[in-house]
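The values are calculated or read from the model by the stated rules, or taken from the named source; none is laboratory data. Computed from a predicted model, the values in this text were never measured in an experiment. Cβ: placed from backbone, ideal geometry, glycine included. Neighbour counts: every protein chain shown. For the accessible areas, the whole protein counts, side chains as well, though only heavy atoms, and no ligand, DNA or RNA atoms are used. Shrake-Rupley method; radii C 1.70, N 1.55, O 1.52, S 1.80 Å.
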Amino acid sequence: MQINDYLKEKKRTVTILLLLAGFMVLMACVSLFVGQYGLSLSETIQCLLGKRGDVEAQNIAQIIINIRLPRTVSAIVIGGMLAVSGLTYQSVFRNNLCSQDIIGVSTGACVGAAMGIVLGFSAIYIQLTAFIMGVICIVAVFLLSSQIRLEKTLSLILSGILVGGVMSSLLALIKYTANPETHLKEIVYWTMGDISSISFKQLEIISIPTIVCVSILMMKSWQLNYFSFPDSETRSIGFDIKRNRFIFITCATILVASAVSVSGNIGWIGLVIPQLVRLLVGSNSRYTAPLSFLMGSSFLLTVDMINRIISTAELPVSIISGLLGLPIFVICWFINAKKQKGGLL
């Protein structure tokens, strides 16, 4: 009976995985045609295949290749990265309310970007300074947590709060001293999140850390299940929880730093998507990790398309993600609370 239940559950999970993958591909294709400049499928195919050589065809090809394709790929990559990172944090810290801000890396990356903007760096160097500051936050959190005599998870969270507080103060200081006519506007807009102007060159810079960290998290995703048990129990079965905690947190944080360095701070994805995935397939991380990536990608693709449709002057994408993410989170919270008879998530 248990074997039959397991096989049914596995079949259901694989079905959901395939449906989500198909939905993500569909949304990616639709994303190429949605925007203020409407495109038809037949015209686009003809232009991309070179069957039309007029000026309009050239314009359509430029819109697809230089604007919408990078934007679509960015939504897939960044949405997946943030969702997987959020799932990793929630598992490692044993708290389903954790998100990408838990150890201050998002704010640190924003500080790096703000510094680059004030110093007049180009977009590529702003991205690099943002990534470097995000990595510095990782190092600072681990060094500080090693000096705090508390249970390791609590010491990491406390260290993250302290480092995040320092980064928030630095960001506020940079905003206060920035030129209000030029730099301040750019800093504020950047920190609110945007994927409309991301280029393939920017994605190329983060491609290696992204591929490496996502691969590690996917291959080791089943080991996240060990973090649901007390440290003493996991040690007794031979699981090196200290080493694996370091690997998971480092990989997740590098992903967040990479995402924030190109898109700014996009909230709610890392918090909401893992909640929704666990409602669909349970808490087995072997399945929740790939599903989180697919659902995070689909969510950000949907948010970006809504953003293009509702206004000619596009809003920062984090505004739309918050407006959609909040009701989803509340629904997940009430469903989980009902399942647990009023308990917390």
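Rounded to the nearest 20 debye, what is the charge dipole size of the chain about its Cα centre when +1 sits on each Lys and Arg Cβ and -1 on each Asp and Glu Cβ? Don't jump to the answer; show the numbers that get you there.
Details: 25 positive and 16 negative charges, 219 e Å.
Using only the charged Cβ atoms, the result is roughly 1060 debye.
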Once neighbouring chains are kept in place and the probe is 1.4 Å, which whole percent of the accessible area of the chain is contributed by carbon and sulfur? 68
If the cut-off is a Cα-Cα distance under 21 Å, which lysines reach Lys242, setting aside same-chain residues fewer than 8 apart in sequence? Lys152, Lys220
Calculated from the structure, Rg and Dmax of the Cα atoms in Å equals which of (i) 26.0, 82; (ii) 21.7, 74; (iii) 21.1, 71? (iii)
If unit charges are put on Cβ atoms (+1 for Lys and Arg, -1 for Asp and Glu) and the dipole of the chain is taken about its Cα centre, the option from Ile136, Leu17, Val260 lying farthest towards the positive end turns out to be Leu17
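Is the C-alpha gyration tensor of the range 207-345 telling us rounded, prolate or oblate? Criteria: a/c under 1.5 is rounded; beyond that, a/b larger than b/c is prolate, otherwise oblate.
oblate
Taking only protein heavy atoms and a 1.4 Å probe, what accessible area per residue, in Å², does the range 80-122 have with all protein chains in place? It would help to have the intermediate numbers written out before the result.
On the way: 1020 Å² over 43 residues.
Here the residues of the range 80-122 average 24 Å² of exposed surface.
Assign unit charges at the C-beta atoms only (+1 for Lys and Arg, -1 for Asp and Glu), then state the dipole size of the range 148-218 relative to its Cα centre in Debye, rounded to the nearest 20. Present the calculation step by step, with values, prior to reporting the outcome.
Values: 5 positive and 5 negative charges, 46 e Å.
In debye, rounded to 20, the range 148-218 gives about 220.
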Answer in debye to the nearest 20: the dipole magnitude of the range 226-282 about its Cα centre, from +1 Lys/Arg and -1 Asp/Glu charges placed on Cβ, is 40
